[in-house]
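Q: Below you'll find the structure I mean.
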């Protein structure tokens, strides 16, 4: 197994393989995994990488950024264009929708 990312890249070049997928396969056998907060805190991403946090220690570098990262993961963004588009949509009586048709002034 490669000792570091540079070794992984060199091996991938020699074998004509993709180092990204090789590193993903190496995660379950790794003792230390370094990744950005958004990949750690986003469960589907973590699961796709094969990272299971149960029974492991998580160390956050620059932890003062954690709150902002968590907030951004759980805060949807809506553009003005989306609001305008959807405000012009009409609901017909045969369409069941949980959205209120009340006009907002």
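The values are calculated or read from the model by the stated rules, or taken from the named source; none is laboratory data. The structure presented is a predicted model; accordingly, all values stated were derived computationally and were not measured. Here Cβ is always computed from backbone atoms with ideal geometry, including for glycine, and neighbour counts include all displayed protein chains.
Q: Would you check if there is a residue in the range 68-84 being at pLDDT below 80, part of a loop (DSSP other than H, G, I, E, B), closer than 26 Å to residue 38 by Cα and under 28 Å from the mean Cα position of the chain (by Cα)?
A: Yes, some residue in the range 68-84 is at pLDDT below 80, part of a loop (DSSP other than H, G, I, E, B), closer than 26 Å to residue 38 by Cα and under 28 Å from the mean Cα position of the chain (by Cα).
Okay, residues lined up against (1) touching a strand residue (DSSP E or B) at 6+ places or on another chain (Cβ under 6 Å); (2) over 30 Å from residue 6 (Cα atoms); (3) outside the structural domain of residue 5 (by TED's automatic domain parsing):
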{"residue": "20", "(1), (2), (3)": "no, no, no"}
{"residue": "26", "(1), (2), (3)": "no, no, no"}
{"residue": "37", "(1), (2), (3)": "no, no, yes"}
{"residue": "44", "(1), (2), (3)": "no, no, yes"}
{"residue": "49", "(1), (2), (3)": "no, no, yes"}
{"residue": "57", "(1), (2), (3)": "no, no, yes"}
{"residue": "71", "(1), (2), (3)": "no, yes, yes"}
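Q: Could you list, ordered by first residue, the pairs with Cβ atoms under 6 Å in which the first is in the range 73-89 and without any contact (Cβ under 8 Å) to a residue 60 or more places away in the chain and the second is surrounded by 10 or more Cβ atoms within 10 Å (Cβ to Cβ), at least 6 apart or interchain?
A: Qualifying pairs under 6 Å: 73/41; 73/42.
Q: Just for the range 26-60: of the residues that are closer than 22 Å to residue 72 by Cβ and loosely packed, with under 10 Cβ neighbours inside 10 Å, which one is nearest to the chain's Cα centre (by Cα)?
A: Per the criteria, the residue is 44.
Q: With respect to residue 95, is the statement that it is assigned to a helix (DSSP H, G or I) and either at pLDDT 80 or above or more than 17 Å from the chain's Cα centre (by Cα) (or both) true?
A: no
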